[in-house]
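Structure first, commentary second.
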Amino acid sequence: MASTYDLPGFVWNKATELTDGVYRVGVNIEDPDYLFEGLWPIPDGTSINGYAVRGEKKAIIDLTQILFDFPDRYTKQLEEIGFPLEDVDYVIINHLEPDHAGFLPVMAKVNSKTKFYCTPKAVPGIQAFASIPLDRIVEVNDGDTLDLGAGKVLQFFHAPNVHWPEVMVTFEQSSGVLFTCDAFGSYGRVDEVFDDQISDAKQEWYIQEAERYYANIVAKFSRFVVRAIDKLAPLVPQISMICPSHGIVWRSKKDKIIDAYIRLAKYADGPAEPEVTVIWGSMYGYTKQMVDRVIEGLHSEGVKVHVYRVPKDDVGYVLGSAWRSSGLVLAMPTYEYRMFPPMAHVLDDFGRKEVKRKKVLRVGGFGWSGGASKEFSNLTAGLEWDCLPEVEWQGHASPEVLQKGYEAARELARQVKAYALK
Ligand SMILES: Cc1cc2nc3c(=O)[nH]c(=O)nc-3n(C[C@H](O)[C@H](O)[C@H](O)COP(=O)(O)O)c2cc1C
Ligand SMILES: [Fe+2]
Ligand SMILES: [Fe+2]
């Protein structure tokens, strides 16, 4: 893998003072071929953000990943702001996932006095991942505080399953800075740290990157996201900044990311945007012919349409689009008595991520006896989808069959408009 330094656009990230005594210590994943979670393409990268708070005592929150030269860059940034590792008093572990906590064993080794603060659920994991002895771990209850002196007080709120069971968020009471780890996070490299340093268009880009991040990483845990947001609601008037562990720091437009997350979590119920995601695969173009007619039908009803071809388009993008859409069109032929394989992969992922309660139309051709239809029913049985009668045909689709597809698409679009979130 290429060294980070060799990649175009490489910037040596510096620590940023967010407010008096509160810092962001962040690095970007720059490699366009890197797969997040070993799975999801992030051609525009993402950032791994840690934070540091100085009272009379020094605390660091959300560390970094053991990847590229991140440990060096992270350490160096901490040194620049007066937090050499051996001087850190407390390490706050909001989340044990190795993109943040990978650095824990290094920290524990370099500094033998620092204490590690986490939820009770994180304790076995901290020992397993980082071999940190129990007497160095401090379990925090929901709402507990840690006084750093000089007016800085950290307060911890458990946020189970946003994304792993042991997750918590940390609130610095005097500054109103909320450290949310994966929640409110996004893909996308970070060069300017604050939302108000970038254009509205760039903010929108981060919101879109947050949407794909959400669909890929957090979607399955949406009900826990709702619970966490409800729990933190009383805090909102005091929040001055939202500091996620991926993406920018939201301060002047913090409502934008909060509202986006509330909406993303709501999509789990089914009704989402008045949009349709068309996902298609075709070997010889017979199913593609129908896809073109279906798209015409959708457009004729004025709904927004997103089109993805599998396997060319990565399922990470397909998921992001499907999550925000109230309607889906799945178009695939029969292949070896089952469905075109990359579509089965998409549907399997929809099951795992719980892309539920959508308005759906399936279309597709077959050569002799079909089989895609049966596999489609099996793979989507648990998704509570409201499916229109499917449009299937042998060989090439006749003008009458194409017209049937066109009309079905119009009906889908009408249903989507009525069903979508207002
Ligand atoms: C590798 C392969 C496997 C196929 N398996 C089946 C099958 O099991 N049952 C069937 O009815 N048709 C089968 N077909 C025929 C296709 O479903 C048919 O040619 C269809 O029109 C292809 O549509 P497309 O051009 O959109 O790919 C298969 C075709 C290929 C190339
Ligand atoms: Fe995570
Ligand atoms: Fe993360």
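Within region 333-422, which GluC sites (Glu not before Pro) sit in a loop by DSSP and count at most 12 neighbouring Cβ atoms inside 10 Å?
Passing sites in region 333-422 are E336, E384.
Which one, T277, Q289, S377, projects farthest toward the positive side of the charge dipole computed for region 271-415 from Cβ point charges (K/R +1, D/E -1)?
Value computed over the given set: T277.
Looking only at region 4-268, where both bridge partners belong to it, what percent of the DSSP beta bridges are antiparallel (to the nearest 5)?
Among the beta bridges of region 4-268, antiparallel pairing accounts for roughly 70 percent.
Enter the angle in degrees (range 0 to 90, nearest 10) between the Cα long axis of helix 286-300 and the first principal axis of the Cα atoms of the chain, meaning the one along which they spread out most.
Rounded to the nearest ten degrees, it is 80.
Have a look at F366, A201, S131 and report the one farthest towards the positive end of the charge dipole of the chain, computed about the Cα centre with Cβ charges (Lys/Arg +1, Asp/Glu -1).
F366
Nearest 10 degrees is fine. How inclined is helix 341-353 to the longest principal axis of the chain, computing both from alpha carbons?
50
Could you point to the residue in V218, M107, L232 farthest towards the positive end of region 4-268's charge dipole, with +1 and -1 charges on the Cβ of Lys/Arg and Asp/Glu respectively?
Most positive-ward Cα: L232.
Among K304/K358; K356/K404; K58/K152; K253/K304; K57/K115; K256/K356, which pairs are too far apart, with a Cα-Cα distance over 18 Å?
K356/K404; K253/K304; K256/K356
Relative to the longest principal axis of the chain, what angle (0 to 90°, nearest 10) does the C-alpha long axis of helix 315-324 take?
Roughly 80 degrees, rounded to the nearest 10.
Mind checking which aspartates and glutamates have their C-alpha under 17 Å from K359, skipping anything on the same chain fewer than 8 residues away?
D269, E273, E275, E301, E384, D386, E390, E407, E411
Can you tell me which of R362, R338, R73 moves the most in a GNM of the chain? Springs connect C-alpha atoms under 10 Å apart.
R338
Counting only protein heavy atoms and using a 1.4 Å probe, what share of the accessible area of the chain belongs to carbon plus sulfur, as a whole percent?
On the chain, the fraction of accessible area on carbon and sulfur atoms equals 53 percent.
Out of the GluC sites (Glu not before Pro) in region 17-48, which ones are loop residues according to DSSP with at most 16 other C-beta atoms within 10 Å? Don't skip to the end; give the middle numbers.
On the way: sites: E17, E30, E37; in loops: E30, E37.
Answer by residue number: E37.
The values are calculated or read from the model by the stated rules, or taken from the named source; none is laboratory data. Remember, it's a predicted structure, so these values are computed and weren't measured experimentally. FYI the Cβ positions are ideal-geometry reconstructions off the backbone, even for glycines, and counts take in every protein chain you see. Quick note on the areas: whole protein, heavy atoms, side chains included, nothing else; ligands and nucleic acids left out. Shrake-Rupley method; radii C 1.70, N 1.55, O 1.52, S 1.80 Å.
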